[in-house]
1. Of the GluC sites (Glu not before Pro) in segment A:148-254, which ones lie in a loop per DSSP and count no more than 14 other C-beta atoms within 10 Å?
2. Any idea how far apart B:ASN12 and A:SER253 come out in nm if each label point goes 7 Å out from Cα toward Cβ?
3. Order these by the 10 Å Cβ neighbour count, fewest first: A:VAL78, B:VAL76.
4. Return the Rg/Rh value of the protein assembly as shown, two decimal places, where both radii are evaluated on C-alpha atoms and Rh is the Kirkwood radius.
5. With the crude spin-label approximation of a point 7 Å out along Cα→Cβ, what separation in nm comes out for A:GLU168 versus A:ASP296?
6. Enter the mean projected area of the convex hull around the alpha-carbon atoms of segment B:70-166, in nm², rounded to one decimal.
7. Calculate the spin-label point distance for B:ALA353 paired with A:GLU48, positioning each point 7 Å from the Cα along the beta-carbon direction, and give it in nanometres.
8. If you wrap a convex hull around the Cα atoms of segment A:236-297, how much volume per residue is inside, in Å³?
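Taken together, the values in this text are just the output of simple stated rules run on the coordinates, not laboratory data. Remember, predicted model here, so these are calculated numbers, not experimental data. No Cβ is skipped: glycine too gets one built from the backbone with ideal geometry, and neighbour counts run over all protein chains shown.
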Amino acid sequence: MHSNQDSPSEVVLHVVSGKGGTGKTTVAAALAISLATNGHRVLLMEVEGRQGIAQLFDVAPLAYEETKVAVAPGGGEVWALAVDSEDALLDYLEMFYKMRRAGSALGKMGAIEFATTIAPGLRDVLLTGKAIEVVKRKEKNAANAYDFVVLDAPPTGRITRFLNVNSEVSGLAKVGPIKSHADSVMSVIASPLTTVHLVTLLEEMPVQETLDGIADLEANGLPVGSIFVNLMRPPKLDANQRKAVAEHSLSTSDIERGLEAVGLNSPELIASLEREALDHTQRVDLEARELQRLEDAQRTIVRLPLIPAGIDLGALYELAEIITNSEVTK
Amino acid sequence: MTSLDIDALLSNTDTEIIICTGAGGVGKTTTAAALGVRAAELGRNVCVLTIDPARRLAQAMGLTELDNTPRPVSGVSPGSLNAMMLDMKRTFDEVVEAHADPERSKQILENPFYQALSSSFAGTQEYMAMEKLGQLHQDDSPWDLIIVDTPPSRSALDFLDAPARLGSFLDGRFIRILTAPARGAGSAIGRIAALGFGIFTNVLSKILGAQVLSDIGTFVAAIDTTFGGFRERADATYELLKKPGTAFIVVAAPERDALREASFFVERLQSESMPLAGLVLNRVQEVEAGSATEEQITAAAQRLRASGEFELTASLLELHAQRMALKERQKHLAARFESAHPTVPIIAVPAMAEDIHDLDGLRQIGAELADKNNDW
Ligand SMILES: Nc1ncnc2c1ncn2[C@@H]1O[C@H](COP(=O)(O)OP(=O)(O)OP(=O)(O)O)[C@@H](O)[C@H]1O
Ligand SMILES: Nc1ncnc2c1ncn2[C@@H]1O[C@H](COP(=O)(O)OP(=O)(O)OP(=O)(O)O)[C@@H](O)[C@H]1O
Ligand SMILES: [Mg+2]
Ligand SMILES: [Mg+2]
């Protein structure tokens with residue numbers, strides 16, 4: 001049932017980054033549900049050690065073990081994994097040196113924490129290595145273990161370095177198993193099998209960070225995907241009304257008669273409503289300007305609404321449906 | 001709400017250092033800059049140390065070059081305002097240069113491990129912010145008030161903990177054992193083996209490469225002979241934060257996560273007897289208080305919608321109700337914080353319609369910070 005032959009695009013690894021707090025974890029989870037729709041098997045991975053996925057799906061903290069967290073419309077499955085650099089290092093030691101047990105002893109002494117602290121790149125090598133292992137994993141019948149892998153990745157400021165760490169390693173280690181591993185990881189990351197999405201809000205700083213991030217990724221030959229604009233709110237006033245507000249030509253007597261009709265007419269309320277209309281108009285204009293800057297980047301833009309009641313499982317399915325209807329998964 | 005008298009704090013010449021902390025993106029840099037402008041206009045000679053300010057804000061303050069020295073900001077009087085952006089690598093380099101002779105500092109600065117440490121190590125930014133604060137706060141410095149912004153980190157506590165953590169790490173057991181050969185203690189190898197560390201260096205050199213280990217060794221040896229422990233140095237600046245002339249201002253957004261973060265921080269300051277001036281609740285929703293309740297406004301908007309007339313009024317009432325609801329939610333969160341921390345003064349700063357990126361915007365934030373009659 002699950003092979004990615006029948007999936008419309010050849011992208012297998014979806015990396016989700018963005019400025020801190022813009023909704024990376026939420027978007028990654030909704031994207032995973034969307035990709036799982038119609039019978040696919042998807043792995044949602046987190047690497048920042050924060051158990052954001054478990055909180056979001058309201059399940060117990062994830063161990064270093066793939067766990068099913070949700071089903072998708074049409075019979076798909078979302079599995080989740082919280083990758084911890086220590087466990088990933090044990091995998092790595094086993095893979096290259098058959099040294100899992102020695103590694104465990106080191107872990108108890110705090111040596112692994114030490115090693116990943118003195119060489120922060122090492123952590124990234126292990127985490128990206130794990131992601132690629134999952135992407136490439138085959139089942140007995142040679143089908144892919146997962147149709148798609150969604151990575152809740154580090155924020156924009158660190159994403160290029162994170163994804164590129166293996167090409168640095170490859171440059172440092174001239175020969176040997178580590179070099180060939182690094183090369184094979186890069187052959188997936190810097191290829192059409194991978195795409196990097198960026199999540200943003202319509203505010204100046206996150207938009208700037210997104211544009212800088214796109215430029216940086218592109219300059220390093222990494223494949224940039226879509227821009228997810230999160231927390232969008234529909235304007236309360238239409239374009240004509242906002243124009244009138246901006247030109248201070250809103251009809252006070254109109255508002256007054258409206259308020260009269262519901263028995264709320266007072267000069268104070270009118271003054272408040274007018275001030276708020278101006279405030280709202282400025283905000284909407286600012287958002288429009290920022291959206292334009294994103295559109296100029298010529299990427300698919302997915303607009304995700306602010307869910308007023310906050311994010312619960314139901315909201316994730318709602319966001320997933322919007323993603324399914326967008327261009328991202330087509 | 002107990003309110004915080006910002007002008008009294010800024011005018012008091014005993015106040016020598018103000019530190020703005022909080023979770024990522026809540027408005028620390030904006031608050032630090034706004035306090036700087038206001039203090040200078042109250043007559044203080046201020047230096048603001050900012051970290052990664054938004055580009056336009058940096059430009060507005062004349063911070064076009066990252067040269068790691070305070071530069072005067074024009075148009076602020078009768079006191080004076082100087083501002084700088086922290087360059088963490090440069091700051092680290094300067095520490096090395098100040099403590100080592102030219103030859104040795106060249107050796108350190110060129111060491112690959114040092115280069116990684118000074119530009120990308122977890123905690124270096126916090127460590128160097130404190131270091132820079134220590135440098136700016138010299139007896140002969142031309143400013144009488146230093147306002148410090150803190151690095152964007154998930155947790156505000158990092159500002160307090162990262163320098164010591166990094167210091168301990170650099171002074172720590174593993175790094176010493178690992179680098180023992182390079183430090184000329186040949187017998188340490190035997191000791192390592194005895195302790196069962198042989199496998200440790202073996203595995204590490206496989207993973208990190210023997211070159212990295214030898215770089216670390218050279219680095220530690222060079223550093224050791226120039227200045228004492230990193231930990232000691234971090235501890236010394238930490239002491240500065242406990243002095244009576246220091247005031248912490250915790251910035252939070254009126255959201256659950258940000259306030260939880262602020263709570264942790266406030267409790268920590270209290271448990272260490274560090275001077276907490278108060279909490280700035282930044283970007284709160286303002287709504288003119290009218291006599292109608294949110295329910296009445298919502299019901300009225302619905303009636304107008306149903307009638308199909310007065311669409312503009314209906315939209316405006318909906319907008320109004322939305323804001324009232326948001327404000328209620330925020331006030332509820334603020335009240336919870338307040339009941340957990342009844343002695344902590346709180347100031348609410350409204351969300352402005354646009355980002356803050358010029359001196360006038362900063363003045364406006366400053367005025368809000370100082371507004372004692374704000375009954376939000
Ligand atoms: N569309 C949305 N509607 C309402 N709330 C949202 C939406 N998207 C995200 N949120 C909320 O915003 C907050 C931040 O979202 P999330 O944790 O996904 O961000 P993040 O980018 O992963 O953050 P971090 O950088 O801390 O990892 C959460 O409280 C989340 O529930
Ligand atoms: N009261 C306010 N009203 C409107 N916008 C604000 C307000 N305070 C801050 N901002 C805007 O919010 C954004 C983030 O503010 P700022 O850079 O000060 O946050 P920060 O806490 O320093 O962030 P970081 O943790 O990334 O350093 C900026 O674009 C700033 O202009
Ligand atoms: Mg997250
Ligand atoms: Mg900042």
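1. Listed in order of number, the matching sites are A:GLU247.
2. 5.7
3. Ascending Cβ contact count within 10 Å gives the list B:VAL76, A:VAL78.
4. 0.99
5. 3.2
6. Across all orientations, segment B:70-166 yields a mean hull projection of 7.8 nm².
7. Rounded to a tenth, the inter-label distance reads 3.3 nm.
8. 76
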